[in-house]
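Asks: Questions regarding the structure given below will be posed in turn.
Read the figures in this text as sums done on the coordinates, not as results from a lab. All figures in this text were calculated on a predicted structure; none of them were measured in a lab. Here the Cβ is made from the backbone with ideal geometry for all residues, glycine too, and neighbour counts use every protein chain on show.
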Amino acid sequence: MLTKKEAAIVDALLQHQTSYLSSQKIAAAIGMSDRTIRKYLGLIEDKIGHHGAVLTSKSGYGYLLSFTDEEAFQLYWQEVQKADRFIKEVTQLEESIDRRHYIIHKLFLEDDCPTISDLSQELYLSKTSIAQLLHDIKDLVLPYGIKVQTGRKGIRIVGKEGAIRHFIKDYFFLDSFQQSVFSLIHDELLEESHFSEIIMVVIDECRNAQLHLPDFILHNLVVHLALMIRRIHLGKEMKIVSGEQLGDSREYQVAQRILHRLSESFALVFPEKEAEYISIHLHRGSIEDTEEQEIPQKTDDLATQLNHQLEELGQELQVPLQTDGHLLESLKAHFVPLVHRLDNHIQLLNPLKEDIIKQYPLVFEAVKQHFSRMPLLQHYQITDDEYAYISLHILASLEKMSTQNHHRVLVVCASGYGSARMLQSRLEKEFPQELEIVEVASYLDLSEHKLKGIDFIISSVDLGNLVFLVPVVRVNVLLQSQDIARIRAHMAKKAWTSSDSDLVHTSEPRQNQQSLDITQLFQEHQFLYFDKAVDKETLLSEMIQRLDEAENQPFQLDFRKQIAVRENLSSIVYDEVLAFPHPAKALSLTEQVVVAICQEPVKWDKEHEKVQFIFLLSPSKGKNERMKVLTPALASFVHCPELHKELLSKPTLENFITVVRPLL
């Protein structure tokens with residue numbers, strides 16, 4: 001396996017696959033000396049040679065990474081990246097920060113109480129070096145009110161359980177908040193907590209109760225539940241201080257149902273206090289009916305206070321913010337759950353905080369200055385993450401006031417009020433004539449009818465392996481210059497049915513994609529025809545069994561479960577006749593497609609009872625170049641009834657390839 005330094009060098013070469021890169025430029029990119037780079041390149045050449053890659057050197061030009069078997073290399077590279085994030089072996093610890101991470105993992109996730117001598121022997125370090133690492137860890141956890149105590153019985157973590165869980169979230173899961181909640185499925189840090197199961201349960205119960213949660217609350221809740229399961233295994237419980245009676249609330253009932261289902265899945269008994277803590281996450285976090293909710297007594301004059309702060313802030317920014325009625329209502333909707341969280345010492349991470357502070361420093365500082373004087377917030381210690389959420393609302397209003405035009409596409413956000421309005425306003429300003437924004441939707445609320453007639457999706461959420469039959473352009477919610485260029489590049493392409501797919505963001509030129517033989521995805525043993533009626537579960541079971549890895553029974557079960565996770569997000573049926581089931585995360589070693597044609601329509605669900613063409617998509621854990629080209633072809637196939645008749649009349653693999661090839 002590559003070391004961290006070697007992986008950094010390979011990553012630099014991967015960023016410049018079409019041209020040679022000198023050792024001096026590699027050194028400058030990753031902060032090493034030219035001599036060190038050349039030493040590592042010799043080691044790298046031998047290691048990657050066994051995994052489908054070749055390192056070529058050319059005098060006067062530098063180094064070029066190419067492939068003899070790109071799929072094999074991509075699988076190897078995935079393992080390298082996973083090992084980099086999830087260090088288990090002491091032999092992988094190269095830097096001081098790695099050793100610190102190792103100790104933090106031991107203290108917080110294993111609940112171990114090692115002595116300094118134990119760590120000294122494990123890490124092959126002097127006791128003085130261990131003491132310095134512990135000093136760094138103490139500084140790291142101090143803002144959370146957590147202490148690292150060293151005694152005869154070993155090193156112990158002392159602090160409130162809520163603070164400990166807060167630190168674990170911040171330290172181990174901050175990167176995941178840049179993506180959709182489904183990105184957690186790939187996380188192995190709490191692998192026994194089974195994120196897939198938790199996500200399905202939470203979304204199911206919230207939807208059944210008609211609780212539409214902003215993504216940052218959903219994300220926090222899912223991570224919290226995974227940590228809860230881990231911490232309960234270690235005998236740790238939360239202590240909740242709540243001044244409200246939550247027992248009769250809808251949120252508390254949802255929390256109880258979530259815990260009941262999880263207790264059955266994980267064979268655990270959850271303390272009643274955990275239900276209270278979950279209900280606090282849910283309580284007044286839902287989007288709908290916010291204005292009709294009863295506001296606690298201490299926020300009776302919330303509107304008056306907000307109006308006052310908006311007037312003062314508007315004077316400083318020279319914008320009449322107090323005249324924006326939508327802004328006031330959005331802030332009221334935000335402040336009700338904010339105050340409730342603050343009462344229970346819960347403050348949320350904000351993955352956009354650094355971007356907001358960097359790009360809009362004057363607005364952020366003004367928001368922090370004015371809202372910190374708000375009487376309602378006087379007695380709380382509020383983090384910059386929370387001020388950044390308030391700033392998003394203000395920035396959205398500022399953007400809206402700079403342009404009042406309206407335009408066209410489906411914009412997908414992470415459910416946050418401020419982030420959604422911010423992105424919408426930015427798009428309207430940058431593309432006043434080109435785009436019509438049909439709707440701004442949460443990725444959790446996507447449905448077939450929302451995608452009908454949509455040319456492409458603009459998403460601030462990394463939808464990853466979630467395949468849609470319309471192209472997806474990924475952007476930052478603050479719409480930076482590279483995002484604008486990406487949207488313009490997509491609009492410059494031909495119509496969707498004849499252009500490259502943006503389903504997975506790629507910068508490869510079209511001729512490279514055309515050189516791929518997409519028909520290699522279609523194999524005889526993975527082509528099925530049913531001339532008699534078949535039910536959905538039997539059909540899926542038969543199709544999954546045709547995958548190369550299907551000899552492994554756990555693989556089949558996991559694949560079916562991941563399809564259910566994906567379907568829980570939105571329908572995978574298009575125009576009644578086509579279904580494209582696929583897992584929420586990649587499970588196969590190679591790209592695979594299993595095709596089924598059914599002479600008798602399949603009842604897929606209550607809304608779709610006429611499905612006859614099923615494409616079981618199994619993305620690989622590496623690159624998916626052929627899948628990128630196939631998905632827009634499926635979109636074209638949906639709207640070609642004459643092709644449907646042709647295939648039903650002659651349902652053979654040869655005829656299928658003949659029919660589909662022109663769409664590729």
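Asks: How big is the charge dipole of region 90-159 about its Cα centre, in debye rounded to the nearest 20, if each Lys and Arg gets +1 on its Cβ and each Asp and Glu gets -1 on its Cβ?
Replies: Working: 9 positive and 10 negative charges, 82 e Å.
Roughly 400 debye for region 90-159.
Asks: On to the next question. Apply the Karplus curve 6.51 cos²θ - 1.76 cosθ + 1.60, θ = phi - 60°, to the phi angles in region 380-390 and return the couplings in whole Hz, x for Gly and Pro.
Replies: Once θ is set to phi - 60°, the couplings for region 380-390 become 10, 8, 9, 7, 5, 4, 5, 5, 5, 5, 5 Hz.
Asks: Restricting to lysines 8 or more places apart or on different chains, can you count the pairs in region 90-159 with Cα atoms under 16 Å from each other? All intermediate terms of the calculation are to be shown ahead of the outcome.
Replies: Numbers: LYS106/LYS138; LYS106/LYS147; LYS106/LYS153; LYS138/LYS147.
Qualifying lysine pairs in region 90-159: 4.
Asks: Take the alpha-carbon centre of region 41-80, take the same for region 516-544, and report the distance between them in whole Å.
Replies: With region 41-80 and region 516-544 each reduced to a Cα centre, they are spaced 36 Å.
Asks: When the Cα centres of region 120-165 and region 579-609 are compared, how far apart do they sit, in Å?
Replies: Computed from Cα coordinates, the inter-centre distance equals 50 Å.
Asks: Rounded, prolate or oblate: which fits region 297-400, taking a ≥ b ≥ c as square roots of the Cα gyration tensor eigenvalues, rounded meaning a/c under 1.5, else prolate when a/b beats b/c?
Replies: It comes out oblate by the Cα gyration axes.
Asks: Taking the Cα centre as origin and putting +1 on Lys and Arg beta-carbons and -1 on Asp and Glu beta-carbons, what dipole magnitude results for region 297-400, to the nearest 20 debye?
Replies: Numbers: 8 positive and 15 negative charges, 26 e Å.
Dipole about the Cα centre, nearest 20: 120 debye.
Asks: List the lysines whose alpha-carbon lies under 20 Å from that of LYS353, not counting same-chain residues fewer than 8 positions away?
Replies: LYS169, LYS368
Asks: Just to be sure I understand the model, the point goes 7 Å from the Cα along the line to the Cβ. What's the resulting GLU122 to LYS358 distance in nm?
Replies: Once both label points are built, they end up 3.5 nm from each other.
Asks: Same structure, new question: For the peptides 41-52, 629-640, what is the packing order when you average, over each peptide's residues, the other Cβ atoms within 10 Å and list the highest mean first?
Replies: Values: 41-52: 15.6, 629-640: 19.4.
Per-residue Cβ counts within 10 Å, averaged per peptide and sorted highest first, yield 629-640, 41-52.
Asks: Classify region 90-159 as rounded, prolate or oblate from the Cα gyration tensor: take a ≥ b ≥ c as the square roots of its eigenvalues, call it rounded if a/c is under 1.5, otherwise prolate when a/b beats b/c and oblate if not. Please list the in-between numbers first.
Replies: On the way: a/c = 1.61, a/b = 1.33, b/c = 1.21.
The shape class here is prolate.
Asks: Scan around LEU528 for amide H atoms under 5 Å from its own, H built in the peptide plane at 1.01 Å from N, and keep only partners 5 or more places away or cross-chain.
Replies: Correct list: VAL595, ALA596, ILE597.
Asks: Going Cα to Cα from LYS610, which lysines come in below 26 Å? Please leave out same-chain ones fewer than 8 positions away.
Replies: Within the straight-line limit of under 26 Å, LYS610 reaches these lysines: LYS450, LYS452, LYS532, LYS536, LYS561, LYS645, LYS650.
Asks: So who's got an amide H within less than 5 Å of the one on PHE67, skipping anything under 5 residues away but keeping other chains? H placed 1.01 Å off N, in plane.
Replies: Close amide H contacts, sequence-distant or interchain: VAL54.
Asks: Got a sec to turn the phi values of region 64-72 into Karplus ³J(HN,Hα) couplings, 6.51 cos²θ - 1.76 cosθ + 1.60 with θ = phi - 60°, whole Hz, x for Gly and Pro?
Replies: Per residue, the Karplus-derived 3J(HN,Hα) values read 9, 9, 9, 10, 9, 8, 5, 4, 5 Hz.
Asks: A further question follows. Collect residues whose amide H, placed 1.01 Å from N in the peptide plane, falls under 5 Å from the amide H of LYS610; neighbours closer than 5 in sequence don't count.
Replies: TRP604
Asks: Separate question: Tell me, what HN-Hα J-couplings in whole Hz come from the Karplus equation 6.51 cos²θ - 1.76 cosθ + 1.60 at θ = phi - 60° for each residue of region 315-322, using x for Gly and Pro?
Replies: 5, 5, 8, 6, 9, x, 4, 5
Asks: Determine, from the Cβ-Cβ distance of LEU14 and LYS39 and an R0 of 25 Å, the FRET efficiency 1/(1 + (r/R0)^6), rounded to the nearest 0.05. List each step's numbers first, then the result.
Replies: Working: r = 20 Å, r/R0 = 0.80.
For LEU14 and LYS39, the calculated efficiency is 0.80.
Asks: Right, here's the next one. Using a Förster distance of 35 angstrom, determine the FRET efficiency expected from the C-beta separation of SER571 and VAL269, and round it to 0.05. Kindly include the intermediate steps, with their values, before the conclusion.
Replies: Working: r = 36 Å, r/R0 = 1.04.
Once rounded, the FRET efficiency stands at 0.45.
Asks: Taking the number of other C-beta atoms within 10 Å as the exposure measure, put ARG261, ARG99, ARG488 in order starting with the fewest. Intermediate values should be presented prior to the final figure.
Replies: Details: ARG261 17, ARG99 22, ARG488 12.
Going from least to most buried by this count: ARG488, ARG261, ARG99.
Asks: How would region 4-85 be classified by its alpha-carbon gyration tensor: rounded, prolate or oblate, with rounded meaning a/c under 1.5 and the a/b versus b/c comparison settling the rest? Can you show the working numbers first?
Replies: Working: a/c = 1.83, a/b = 1.29, b/c = 1.42.
Oblate, since a/c reaches 1.5 and b/c is not below a/b.
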